[in-house]
Structure formats: C-alpha cells, structure tokens
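Below is one structure, written out as structure tokens, with a few remarks after it.
The values are calculated or read from the model by the stated rules, or taken from the named source; none is laboratory data. The shown structure was predicted, so the numbers you read here are calculated from the model rather than taken from an experiment. Methodologically, a virtual Cβ is constructed for each residue, glycine included, from the backbone with ideal geometry; neighbour enumeration extends over all protein chains shown.
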Amino acid sequence: MIIQFPSGPMANLQYLILNQNNREAVAIDPAWDASTPIQLASQHGCQITQIWITHGHFDHVNALSDLYERTRAHSYLYIPNLLNPLPPHSPIEEGQVLEFGEWTFHVMHTPGHSSDSVCFVSPNTAVASESKGDHTHISQSHPSTHSGVLICGDTLFVGACGRVDLPTSSPSQMMQSLHRLSELPPHTLVCPGHDYCKQKVGSILEERHHNPAMKRAMSL
C-alpha cells in the first residue's frame, strides 16, 4: 500500500510505500516533521528503511537529516551535490528500476522545476485510491480504477505544474518533461508533491484535458 499524507505550512504531500511482508517502508520527500512518517509507518507495523527524493528543495527535504538520525534509512536521489548535509545515499538515474515489496517503480528524470527533479512511475499496475480523512490510500486492486501510479513531486500538480523561475529551473525543459508525462497511460494515477487543487490525486487523462501547462506541452 502507498499512503499519501499532508505535511507542513506549504500544503506538501508526502508518501509512504509499505511492505508489510517484511515490515519495511519507503518515505518519499520527508519534510517539516520526521515524527509523522515514522509514526504512520509504525501504525502499520513497519519501519522506514529507505528514503526517496523527488527533488532537493527545502520544503521537500527539511526533515531528511532528522529522519535519517532516527531511522538510519538510506536515501536515493538524482543529484546528491544539491543537498548539504546529506546522509548516506545512492544516486539514481533515468530509467533505473526501484523495487520495493509488490511495487516496481521506474525513475524518470523530469527537469524543469529544478534540474534534479525526478518522478517515480509504476506502470501497468492495477490500483485503486481511497480517501481516509486527509490521507489517501493507494493499493493494488482488481478491479481497479487506475492503471499505474506516478509520484511526481513538483513537476506535475493536479491542474498545474511547478514553478520555473527558481535556480536551476527551465521553462523549456518543463514543457519537455510534461510532454513525456502526457504520454503515460491515460489512467495513470497522478500523485503530486503539493495539495494545490480540489483533489489530492488525479489522472493523466484528466491532466491532458484540464491542465493548461500540460495542454501547452502537448501542442509542442
């Protein structure tokens, strides 16, 4: 199961991937409060052993050091030299496969918001999402409502995209990255890094039709 949950004063959305068979969890983009993902993992009988980073902006990693100190979890990110200090880590690259429990994710390098932005996509996976208060639970399910999961940080939001006026941002690269994402299967579940819309998750099909930034990217 994947759990999406809110954190901090900037409407961040974090994620936990749970492997209840071996009682381990992946924390994605730990920010603002290391206690929340630790406690949430513990509630499901798991300990955080890995940390995946979509990009190095402070509002996505400012709890990274604290989380490492409390869990000794190993980090995975695209450009390590953009974070300092950085706990034990491994670099990831375009096309790399990250397997965790029943989930298989592919790394997509999606620069635009920042040069180190990546998305984690689990293609052709039958999933369903369910709202549990301010949390969203995503599980592999037959029958399903979606066919794949995209954890996209600040590259793609529901109805918008990340800023492109920051250091290492690139408007042209953002258009290229959004074009790539638009080509994912239409019922891929979109899981963004911020809750900036009326819904916390969407789909590639909905973004193709309703997201102005993606529509511009598709026209290139």
query = Any chance the range 142-154 includes a residue that's surrounded by 22 or more Cβ atoms within 10 Å (Cβ to Cβ), among the polar types (S, T, N, Q), touching a residue at least 24 places away in the same chain (Cβ under 8 Å) and within 20 Å of GLU99 (Cα to Cα)?
reply = no
task = Could you grab me the full set of residues in the range 68-90 that are assigned to a helix (DSSP H, G or I) and surrounded by 13 or more Cβ atoms within 10 Å (Cβ to Cβ)?
result = TYR68, ARG70, THR71, PRO80, LEU82
note = Restricting attention to the range 75-93, the residues that are farther than 15 Å from ALA34 by Cβ, of a type outside the set (Phe, Trp, Tyr) and touching a residue at least 24 places away in the same chain (Cβ under 8 Å) number exactly 5
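Scan ILE38, ILE51 and give me the residue that is of a type outside the set (Gly, Ala, Ser), under 21 Å from MET10 (Cα atoms), modelled with pLDDT of 95 or more and touching a Phe, Trp or Tyr at 6+ places or on another chain (Cβ under 8 Å).
Just one listed residue meets the conditions, ILE51.
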ask   = In the set ALA73, ALA126, which member is among the small types (Gly, Ala, Ser) and within 17 Å of LEU189 (Cβ to Cβ)?
value = ALA126
Complete set of residues in the range 128-142 that are part of a strand (DSSP E or B) and either in contact with a Gly (Cβ under 7 Å, 6 or more places away or on another chain) or under 16 Å from GLN199 (Cβ atoms) (or both) = ALA128, SER129, GLU130, SER131, LYS132, HIS135, THR136, HIS137, ILE138
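Results for (1) more than 14 Å from the chain's Cα centre (by Cα); (2) modelled with pLDDT of 95 or more, shown as yes or no for each residue.
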site: VAL97; (1), (2): yes, yes
site: PHE105; (1), (2): no, yes
site: GLY112; (1), (2): yes, yes
site: PHE120; (1), (2): no, yes
site: SER141; (1), (2): yes, no
site: SER170; (1), (2): yes, yes
remark   = Subset of the range 9-29, residues part of a loop (DSSP other than H, G, I, E, B) and under 11 Å from the mean Cα position of the chain (by Cα), comes to ASP29
inquiry  = If I filter the range 14-28 for residues that are of a type outside the set (Phe, Trp, Tyr), buried (at least 19 other Cβ atoms within 10 Å of the Cβ) and farther than 24 Å from THR125 by Cα, do I get at least one hit?
reply    = no
remark   = Note on the range 39-67: residues surrounded by fewer than 22 Cβ atoms within 10 Å (Cβ to Cβ) and not in a loop (DSSP other than H, G, I, E, B) are GLN39, LEU40, SER42, GLN43, GLN47, THR49, GLN50, PHE58, ASP59, SER65, ASP66
Residues of the range 63-93 classified as acidic (Asp, Glu) and within 20 Å of HIS113 (Cα to Cα), total = 1
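Could you run through the range 8-25 and say how many residues are over 14 Å from GLY153 (Cβ atoms) and out of contact with any Leu (no Cβ under 7 Å at 6 or more places or on another chain)? Walk me through how you get there before you give the answer.
First pass over the range 8-25, keeping only residues over 14 Å from GLY153 (Cβ atoms): 8-9, 16-25.
Still in the running and out of contact with any Leu (no Cβ under 7 Å at 6 or more places or on another chain): 8-9, 17-24.
The qualifying residues number 10.
Which of the following residues is in contact with a strand residue (DSSP E or B) (Cβ under 8 Å, 6 or more places away or on another chain), more than 16 Å from ILE17 (Cβ to Cβ) and buried (at least 20 other Cβ atoms within 10 Å of the Cβ): GLY112, GLY95? Walk me through it before giving the result.
On the way: GLY95 fails: buried (at least 20 other Cβ atoms within 10 Å of the Cβ).
None of the other options fit; the residue is GLY112.
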note = Across (1) among the charged types (D, E, K, R); (2) within 14 Å of ALA73 (Cβ to Cβ); (3) touching a residue at least 40 places away in the same chain (Cβ under 8 Å), ARG23 clears everything bar (3)
